[in-house]
Amino acid sequence: MAELIVISTLNGVLFGMLLFLLSSGLTVIFSMMGVLNFAHASFYMLGAFFGFQLTRWIGFWPALVLAPLLVGAVGMAVERYGLRNTHKHGHVAELLLTFGLAFAIEEIVSMIWGKSPVDYRVPAALDFPAFTVFSTNYPAYKIFMLVISVVIFIALLVTLKKTRVGLIVQAALTHPSMVGHLGHNVGRVFMLVFGVGSALAGLAGVIAGPSLVTQSDMAALLGPILFVVIVFGGLGSLPGAFIASLLIGLIQTFAVALNGSLASVFGPLDPSLGPSPLTDIWNVTIAQIAPILPYVLLVLVLIFRPMGLLGTRES
């Protein structure tokens, strides 16, 4: 039991920090621009495939720097030539644009790299156990992922709250005309914000690719839970996204590790009842319902606190 708790906690924190690294870019984009980007998980997928291709050409460490920059450049192009033109038509047009873009990126990736998983491996320099917990070796690469995520969280928080750049960006959202009159290019500010958010998603893809499966449907697999994180934490709240990511990561990881059911707690039902929906529900294990738990949390949050844990915006 002690080994289960320790390993599940480590894996839960790691999964939560990966969710945060992915959701932080979307949170920054929404908090600064008010745009809920449905293609954000696709930028994560682009980061993984760019990282894979660049690793084959020039190695993992240069790819770790260049792949997020390339994804950020793609994101800036999307904002400059897509979102900027649709912004005047309201949020529905922006959502439809990013929704269609997500499908387009997935098809382009499938045409270039195929639909099968690619051989994106952990770099040799980090392919060793960092420490041993009971009888389980914990990989150094997972610790590397955790450190990167924590550094990104601190850097984002300090930049947005304590620097002149962060103040300009936040002011550009609420008072764009005033910021423009002060000599700042508001359009360029928004383009850079969108690029940084996309680059963060790309960075998440680069470091998650060797640990998870890198394939053309990876955005669809992780995308839905990404929106659970930002709604649960509070739309536009970076600390809220951090807390929500950790909670969801821990809850889902512990749930997967538990095989308990109502039958194991209260005993089996009377056999005379025969097969029925009640019998099926009685025997369902926690591990079987683990994938839906984040979405149950989403529904509860939307019912009882639509603003999320630390959110300040309702729309």
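The values are calculated or read from the model by the stated rules, or taken from the named source; none is laboratory data. Since we're looking at a predicted model, the values are computed, not measured. Glycine also receives a Cβ, built like all others from the backbone with ideal geometry; neighbour counts cover every protein chain displayed. The protein model used for the area step is the full one, side chains on, heavy atoms only, and it has no ligands, DNA or RNA in it. Shrake-Rupley method; radii C 1.70, N 1.55, O 1.52, S 1.80 Å.
Things worth noting here:
- Failed criterion for Leu235 (all others in (1) more than 23 Å from Ala73 (Cα to Cα); (2) assigned to a helix (DSSP H, G or I); (3) in contact (Cβ under 8 Å) with a residue 24 or more places away in the chain hold): (2)
Quick grid of which residues meet (1) surrounded by fewer than 17 Cβ atoms within 10 Å (Cβ to Cβ); (2) closer than 19 Å to Ile108 by Cα; (3) among the hydroxyl-bearing types (Ser, Thr, Tyr); (4) free of Cβ contacts under 8 Å to residues at least 12 places away in the same chain:
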position	(1), (2), (3), (4)
Gly47	no, yes, no, no
Thr55	no, no, yes, no
Phe60	no, no, no, no
Ala67	no, yes, no, no
Val74	no, yes, no, no
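- Only one entry in Ala263, Ala241 is farther than 22 Å from Ile29 by Cβ, open to solvent by less than 60 Å² (accessible area, probe 1.4 Å) and not in a loop (DSSP other than H, G, I, E, B), namely Ala263.
- Within the range 21-33, none of the residues are modelled with pLDDT under 90 and either in contact with a strand residue (DSSP E or B) (Cβ under 9 Å, 6 or more places away or on another chain) or surrounded by fewer than 18 Cβ atoms within 10 Å (Cβ to Cβ) (or both).
- Restricting attention to the range 76-101, the residues that are charged (D, E, K, R), in contact with a helix residue (DSSP H, G or I) (Cβ under 8 Å, 6 or more places away or on another chain) and surrounded by fewer than 17 Cβ atoms within 10 Å (Cβ to Cβ) total 2.
- Taking the listed residues Thr9, Thr27, the one that is part of a helix (DSSP H, G or I), touching a helix residue (DSSP H, G or I) at 6+ places or on another chain (Cβ under 6 Å), within 24 Å of Val231 (Cα to Cα) and of a type in the set (S, T, N, Q) is Thr27, with no other qualifying.
- If the condition is being open to solvent by less than 60 Å² (accessible area, probe 1.4 Å), assigned to a helix (DSSP H, G or I) and not basic (Lys, Arg), then the range 132-149 contributes Ala140, Tyr141, Ile143, Phe144, Met145, Leu146, Ile148, Ser149.
- Filtered residue count, the range 280-306, keeping only those that are among the β-branched types (Val, Ile, Thr) and closer than 16 Å to Ser261 by Cα: 6
- Qualifying residue in the range 77-85 (condition: more than 19 Å from Gln215 (Cα to Cα), basic (Lys, Arg) and assigned to a helix (DSSP H, G or I)): yes
- Index of the failed condition, Leu95 passing every other in (1) at pLDDT 90 or above; (2) within 21 Å of the chain's Cα centre (by Cα); (3) farther than 14 Å from Leu203 by Cβ: (1)
- Residue match in the range 34-43 (condition: over 19 Å from the mean Cα position of the chain (by Cα) and surrounded by fewer than 20 Cβ atoms within 10 Å (Cβ to Cβ)): no
- Flag if Ala263 is at pLDDT below 85 and of a type in the set (A, V, I, L, M, F, W, C): yes
- Some residue of the range 180-194 being polar (S, T, N, Q) and modelled with pLDDT of 90 or more: no
- Scan the range 102-131 for residues that are out of contact with any strand residue (DSSP E or B) (no Cβ under 9 Å at 6 or more places or on another chain), open to solvent by less than 90 Å² (accessible area, probe 1.4 Å) and in a loop (DSSP other than H, G, I, E, B) and the total you get is 6.
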